[in-house]
Structures are given as C-alpha cells and as structure tokens.
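Please treat every number below as a calculation from the coordinates, not as lab data. Not measured: the values here are computed from a predicted model. Methodologically, a virtual Cβ is constructed for each residue, glycine included, from the backbone with ideal geometry; neighbour enumeration extends over all protein chains shown.
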Amino acid sequence: VGHWGRMLRALLSGLGWRGGIWGCTFSSQQPHLPPARMLSATELVSHWTVVFEKRGIPEARESSEYIVAHVLGAKTFQSLRPGLWTQPLTPWQLQYVQELSSYRLQRMPVQYILGEWDFQGLSLKMAPPVFIPRPETEELVEWVLEEVTQGPRVVGAQGGPFILEVGCGSGAISLSLLSRLPQSRVIAVDKGEAAICLAHENAQRLRLQDRIRIIPFDVTLDGSWAHLLPWGPVDLVVSNPPYVFHRDMEKLAPEILSYEDPLALDGGEEGMDIITHILALAPRLLKDSGSIFLEVDPRHPELVGSWLQSQPDLSLDLVAVRRDFCGRPRFLHIRRCGPQHGCPVDAWPGPQPARVPG
Ligand SMILES: C[S@@+](CC[C@H](N)C(=O)[O-])C[C@H]1O[C@@H](n2cnc3c(N)ncnc32)[C@H](O)[C@@H]1O
C-alpha cells in the first residue's frame, strides 16, 4: 500500500473530515502554509516547529518530526532514509502534513493524529477518547514480566500465568504481556465501549486474539466480580486504573482534557475510587498467593497501605513499591495472603460462555 495508500486512507476516512470537535478545515489553516520554497522534510519540520512554538504547542519539534515522518511512511524522523530529509515533498504530501499539523494546533495528541503508537515494541492503533498508553506503564509491564520470569514469587509462572487486567483501554498492558509470555492468557475488562472495541482491534492486529478475552465490565457495580467467575481463578491482576485525584483533573494538559476520556483518569476525591474496587474484587478471583500489580499516584502507596490494613478480610498485603524513571513511587505489588474464596474452577480453555452472565 505504501505511504500514498496510507495517506489517502487517512484523508478520506480518518482524522479530520468529520467536523465536530476534530473539525478543522484545511482552508482555516492557510496562514500556516509554508512558503512555496520550503519543500523538503527538514525545512517542513523547521517550519512547523516554529509555528507550534509560536502557538505554545508543547513538544513542538517532536510533534512536527513525527508528523512529517508519518507522511513519509516512517515512524520517526531519525529513521527516515537520509535522502528523504532533503528531497522535495509532493503537493499531496505537503497537504497531508498541513492537515495533520492543523490537528496539533488544536492540541490533539500526536498519538491520535498518527492513529498509532508503539508500546513495548508493539504498534497499537490509537483513537480518541481511548487512553493513550504512557511510557511509565511500560515499567509496570517490565516489573510484572520480571516477577513472572523470576519464578515462584508469582503463582502460575510456569504454565502461564493467567492474568486479569482491569481497565484495559487500548489493550497495551494485556497485549504486551501476551506477546512476551507465549503460554499466558488474559481476561481484559473495561467499562468504556470505545476501549473494548479498540482493544479487540489491537488484539486482531497483533494476532493475539486467541489468548485474550475482552469483556465489557464495570468494576464498581455491586457483585460485578460474579460476572467474571466463569472465567476461573487468575494468577495475576494487573491494572493502570483511573487514579488522578479529582482536584488535580483541571490541572491536566489541554491535550488530555480535550481528547482523552475523563473516566480513564479521574479516580475520585483521593484517586482511590477504582483502586479500592479492584482490591475488593481481586481476592474473589485470585488464586492463593496470587498477585496484584497496580500503577498509582505517588501519594497512593501510603493511602493503599493504610486502606488494606483497614480491610483485613481481603487478606491482601502490600509487599513491594517500585519507583518510576523519575524516582516517584508509582507501582504496587500486592499479594493475596489468605485462602481463596470465589472462583470454583479454572474454566479456560473450555468453551467460552456465549455472553457474560448477569
Ligand atoms: C488509565 S486508563 C488505562 C488504560 C490502559 N490499561 C493503559 O494503561 O493504557 C484506565 C482505564 O480504566 C477504564 N475504567 C474506568 N473506570 C472503570 C470501571 N469502573 N470499570 C472498568 N474499567 C474502568 C477506563 O475506561 C480506561 O480505559
């Protein structure tokens, strides 16, 4: 298909021709058209970097490099054949760069503009309002992988493990774990319809659909855990839940506030609303000594530790806290320390229920 095909597809069906909140017509951006002599990739990147900087767009150079590289069929500007840096772009390519840049001027995240993004070496489709996976979540995945491959500290390491992800979004965590753990199987749940659809699409795209079940599911609904019982007990629960303190929501960047689903971010007053529901659900579904891995706010290790102490019936211990690449305590390993009381049998890989019961 090549970049022309991709370009046409995107122009005809993709990012901008629907109007509404994405609406930004080509003609409205005429003042930002580069002068006719600026035709090479390098010149275009410089032109759009200046335009973005003048308009206060964050990561101006990175944004323009990604856009120009995408139009030329590459993932990054640095990975373009050096010959392409100085080669004149065709009028179509120029127009496509113009079009995509106009979305960036409206603060659309570059991941949505390009329509795909890499996570743990996997290329995932991205579409608003489904949460864009963040680099720190790759550290959560690495930690899970370390614990699984290091052996008995995580149950089921040899035969799997069998994993439940709560709030799968685009499927980034589940799919990257599956791609690195060839014996593993995943139940991925999310409340958002758009997230469920995108996770399905990404699973197909990566040919991992046979080892993942993606289920619409709201962890806050009373008795919701019973809906997952037929899938059997799991070795691990993993989640990057909505954990932003409600009062911090308004401080988020316009890119986030205008394009990403607030339900993917807002964790309530202390960011704990969904976390506590996951922790209440997990003992019902985890095998004995099963583990929970969570990404959280730096204030949460203490809050979660205290909350768990106030809930001894859950039989969950906070066993480790890990810092992110900025040194902030952001990841929790919680282990089940009592007998399992929820799932009667391991139902997978038997026949899949025709629909989620309930
Ligand atoms: C921070 S995003 C994480 C998405 C993905 N796991 C990632 O790391 O890129 C949180 C996800 O939780 C989902 N979510 C929010 N509330 C939920 C609920 N009550 N039950 C299930 N999923 C929920 C959101 O739709 C969103 O996809």
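Some points to look at:
- Residues of segment 95-137 with amide N under 20 Å of the 7 Å Cα→Cβ point at Lys54: 95-108
- Averaging Cα coordinates gives a centre for segment 214-242 and one for segment 243-276; these two points are 21 Å apart.
- Seen from a random direction on average, the alpha-carbon convex hull of segment 30-131 projects onto 6.6 square nanometres.
- Spin-label model distance (nm) - Gln87 vs Lys75, 7 Å beyond Cα toward Cβ: 2.1
- Rounded if a/c under 1.5, otherwise prolate or oblate - segment 180-241, Cα gyration tensor axes: oblate
- Taking a ≥ b ≥ c as the square roots of the Cα gyration tensor eigenvalues, segment 119-336 comes out rounded, since a/c falls below 1.5.
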